[in-house]
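The values are calculated or read from the model by the stated rules, or taken from the named source; none is laboratory data. A quick note: this is a predicted structure, and the numbers were derived from the prediction, not measured. Counting neighbours? That spans all protein chains shown, and the Cβs are built from the backbone with ideal geometry, glycine included. Please note that ligands, DNA and RNA were not included when accessible areas were found on the heavy atoms of the full protein model with its side chains. Shrake-Rupley method; radii C 1.70, N 1.55, O 1.52, S 1.80 Å.
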Amino acid sequence: MSAKRLILATLLIASPALAQDDPVATAAARMKAFPVMQSVERADAYTPAETVKGRPRALMLAKESGGIDPAALTAAQAYADAQNSFALVVMRDGKVVHERYASGFTADSRFSPASMAKAVAALTFGTANIPLDARVDRWLTEWKGDPRGSITVRQLLTMTSGVRWNEDYTDPKSDVALFGIHKAEPGVDVTVSYMRKLPREAPAGTKWVYKTGETNLIGVLVSSATKKTLSAYLSEKIWKPYGMAQDAVWITGSTGHEISGCCVSASLQDYARFGQFMLDGAVAGGKRVVPDDWSVPATSKQADIAKPGRGYGYQWWTNDDGSYAAQGIFGQGIFIDPKRRLIIATNGNWKTATDEDGVGAERERFYKAVQASVDQL
């Protein structure tokens with residue numbers, strides 16, 4: 001299979017109209033192809049997308065190591081090599097203290113962030129003043145009269161809806177593989193259509209299961225509530241006011257909505273800026289964009305994920321020490337530590353989608369090593 005065809009197979013997650021006759025075979029090809037997409041700047045050239053307009057704001061380079069032990073920054077190079085990373089940015093106190101690119105990537109290269117984009121989608125929600133305990137069928141009107149309509153917005157954000165979902169990236173029959181090639185009924189968003197056919201496995205609010213589909217529903221809900229596309233809303237509320245250096249690209253699905261669970265293609269520098277936006281208290285253009293009563297619980301444990309010291313907030317992975325992260329398959333991530341005023345952004349290229357080779361655990365060890373370096377000040 002040529003590189004272009006492999007890329008197109010990957011992008012079928014956003015463009016079901018391009019699918020082959022055998023949907024399971026298409027899904028299987030797509031799930032294997034993601035790493036190739038990582039090396040493609042302007043993935044939007046191959047699939048429908050909306051532009052998120054930015055307004056340049058320079059990142060400051062630190063003259064020194066920002067208080068981080070130089071040995072820890074030297075170790076960052078070895079870490080990035082071991083992770084097969086295309087890019088790594090470390091910031092402290094709002095300044096870049098380490099930046100590294102490889103495999104043809106530069107500070108201007110956009111990349112597919114996978115589920116790291118979920119945190120971006122959550123922030124658009126946080127700006128929209130949508131009541132957390134409202135029923136989702138207030139905006140997802142196709143679910144009126146359906147038991148799923150009583151799911152609350154909070155339960156979608158914390159992935160505790162109780163709807164059964166399979167997120168296995170190696171299974172071509174999993175929901176995460178098949179929902180992108182689902183053919184929706186006329187006038188119904190593809191994710192709304194797909195998920196309303198799934199059974200419930202637990203009472204809403206009682207069980208956490210990671211579901212990209214629920215983040216996609218959040219995006220549809222925000223568009224419905226704001227009467228704007230997610231791209232326009234993100235540009236208006238965050239991307240332009242905070243001064244992201246480049247336009248981002250938000251890939252759209254077959255029914256026209258942005259795919260909020262995966263697909264905000266942007267540079268790693270701008271994702272590092274996004275982390276700084278969080279550290280700055282979600283203030284952009286001199287105005288608080290997201291209220292404290294949203295951003296604090298969003299980045300704090302709201303759901304138990306059965307891992308000691310870890311949890312899930314509103315689309316953020318949380319740690320009991322107060323740090324939190326956005327993460328995507330194949331090693332994408334933004335780690336944010338408010339106590340240490342620290343940001344680590346990575347564009348990984350793991351051999352497998354998840355931590356099958358211990359690379360995820362190595363990433364956690366690297367985060368902790370940099371934290372420990374700061375603590376030695």
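Taking the Cα centre of the stretch 176-308 as origin and charging only Cβ (+1 Lys, Arg; -1 Asp, Glu), how large is the dipole, in debye to the nearest 20?
In total the dipole reaches around 200 debye.
What's the ranking of 353-363, 160-170 by average number of surrounding C-beta atoms within 10 Å, highest first?
With the highest mean Cβ count within 10 Å placed first, the list reads 160-170, 353-363.
Compute the distance in nm between two label points, each set 7 Å from the Cα along the Cα-to-Cβ direction, one at Glu236 and one at Arg365.
Modelled inter-label distance: 4.8 nm.
Report the normalised scattering of the stretch 337-377 as log10 I(q)/I(0) at q = 0.15, 0.26 Å⁻¹, calculated by the Debye formula with identical scatterers on the alpha carbons.
At q = 0.15, 0.26 Å⁻¹ the computed log10 ratios are -0.44, -0.92.
Protein chains only, probe 1.4 Å: how do Asp81, Asp146 rank by accessible area, largest first?
Most to least solvent-accessible, the answer reads Asp81, Asp146.
So which of Lys173/Lys301; Lys207/Lys307; Lys211/Lys301; Lys144/Lys197 end up more than 20 Å apart by C-alpha?
Over 20 Å apart, Cα to Cα: Lys173/Lys301.
Among residues other than Met278 whose Cβ falls under 15 Å from its Cβ, what is the net charge (Lys/Arg +1, Asp/Glu -1)?
Taking every Cβ under 15 Å from that of Met278, the sum is +3.
Please sort 212-218, 245-251 by packing, taking for each peptide the average over its residues of neighbouring beta carbons within 10 angstrom, highest first.
212-218, 245-251
Grab the beta carbon distance between Asp280 and Asp320, set R0 = 25 Å, and tell me the FRET efficiency rounded to 0.05.
Step by step, r from the Cβ atoms, then E = 0.60.
Considering the zone a paramagnetic label at Thr106 would reach in this model (a point 7 Å from Cα along the Cα-to-Cβ line), which residues of the stretch 222-263 have amide N under 16 Å from it?
245-247
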